[in-house]
C-alpha cells in the first residue's frame, strides 16, 4: 500500500514534468527559453519515472540498469543541448530583446577584433623580410600564407555570420 | 492504482499534444528538433508507465535506445543546420 502511494506520487510528478515541458514548448517565445523548458522531462522526469519503476519492483538487481539508463541520459542531454544552443546562437534563432546578458557577444566581438588585427599585422612582416633576403622570400609567404588565412577563416566565418 | 495510471496517461497525452503542436508549428528546424526530443522523452515515460502497469521489465532496452536516438538525432540536425531561415 505504501509502495503504491510512493509509486503514484513519483509517476504523477514525472508526468507533470512532461506537462511542464509541453506547456513551456507551446508558450515560450524563444528557442533558448524553450530549451530551458525542454530539459525537464529528459532528466528529472526520467529520474522520477525510473524511481517509480524501482520502488514498484522492489529488487536491487534492477538498480544498476536504471542507473545506467539515467546516467546515459544525463551524459547525452547536455551535449545535444549544447549543440542545439550553439547552432541557434549562430543562426540567430534567439530574441536579443529578451536577453538580460549576452556574455558570448563580447567574446565574439573581441575575437573578431583580434582577428582583424592578426589579419593586418602579418602583412608587414613578410614585407619587412623581403628587402633583407632576396632569394628565399617568395617561398616564405607561400609557406606561411596557407596556414595564416586558414586559422582565421574558421572564426571569420563565424564572426561574419553573427555580424550580418 | 488503475486511476493513477489513467491520470498519468492523460497528463502525458496532453504534454504530447503540446510538444507535437510545437513540432508542427515551430518556426525553425531547431524548435522542431527540440520538440521531438521532448516527444521522445514522453514516449520513454509512457514505456515506464507500461512497465509499472503490467509489471514487466521488457521495455528497459527500448528506454536506453530511445535516449540514444534522441541524442544522435538532435546532434546531427544541430550540426548541419544552416543560416537560411
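So, in the range B:8-31, how many residues would count as being part of a loop (DSSP other than H, G, I, E, B) and surrounded by 17 or more Cβ atoms within 10 Å (Cβ to Cβ)?
Total meeting the criteria: 1.
Could you check, for the range A:77-85, whether at least one of its residues is farther than 23 Å from residue B:69 by Cα, at pLDDT 90 or above and either in contact with a strand residue (DSSP E or B) (Cβ under 7 Å, 6 or more places away or on another chain) or facing chain B (nearest Cβ under 7 Å) (or both)?
No, the range A:77-85 contains no residue that is farther than 23 Å from residue B:69 by Cα, at pLDDT 90 or above and either in contact with a strand residue (DSSP E or B) (Cβ under 7 Å, 6 or more places away or on another chain) or facing chain B (nearest Cβ under 7 Å) (or both).
Against the definition (without any contact (Cβ under 8 Å) to a residue 12 or more places away in the chain and crowded, with 18+ Cβ neighbours inside 10 Å), how does residue A:81 come out, yes or no?
Here the answer is no, as residue A:81 does not meet what is asked.
In the range A:1-47, what residues are within 9 Å of chain B (Cβ to nearest Cβ), farther than 25 Å from residue A:68 by Cα and in contact (Cβ under 8 Å) with a residue 24 or more places away in the chain?
Within the range A:1-47, just A:31 meets the criteria.
Here is a check on your reading of the model: is residue A:157 within 14 Å of chain B (Cβ to nearest Cβ), at pLDDT below 85 and not in a helix (DSSP H, G or I)?
no
Only one of A:67, A:55, A:43 is surrounded by fewer than 15 Cβ atoms within 10 Å (Cβ to Cβ) and part of a helix (DSSP H, G or I). Can you tell me which?
A:67
Residue B:6 is checked against (1) without any contact (Cβ under 8 Å) to a residue 40 or more places away in the chain; (2) more than 9 Å from chain A (Cβ to nearest Cβ); (3) touching a helix residue (DSSP H, G or I) at 6+ places or on another chain (Cβ under 7 Å) and fails just one. What number does that condition carry?
Going through the list (1) without any contact (Cβ under 8 Å) to a residue 40 or more places away in the chain; (2) more than 9 Å from chain A (Cβ to nearest Cβ); (3) touching a helix residue (DSSP H, G or I) at 6+ places or on another chain (Cβ under 7 Å), residue B:6 breaks only (3).
Which ones in the range A:84-109 are in a helix (DSSP H, G or I) and loosely packed, with under 11 Cβ neighbours inside 10 Å?
Residues satisfying the conditions are A:96, A:97, A:103, A:106, A:107.
Of all residues in the range B:63-77, count the ones that are over 13 Å from residue A:53 (Cβ atoms) and touching a residue at least 12 places away in the same chain (Cβ under 8 Å).
Count: 7.
So for the range B:64-73 (the condition being over 15 Å from the mean Cα position of the chain (by Cα) and more than 8 Å from chain A (Cβ to nearest Cβ)), does at least one residue qualify?
No - not one qualifying residue is present in the range B:64-73.
The values are calculated or read from the model by the stated rules, or taken from the named source; none is laboratory data. Quantities reported herein were computed from a predicted structural model and do not represent experimental measurements. Backbone-built Cβ (ideal geometry, glycine too); neighbour counts: all protein chains shown.
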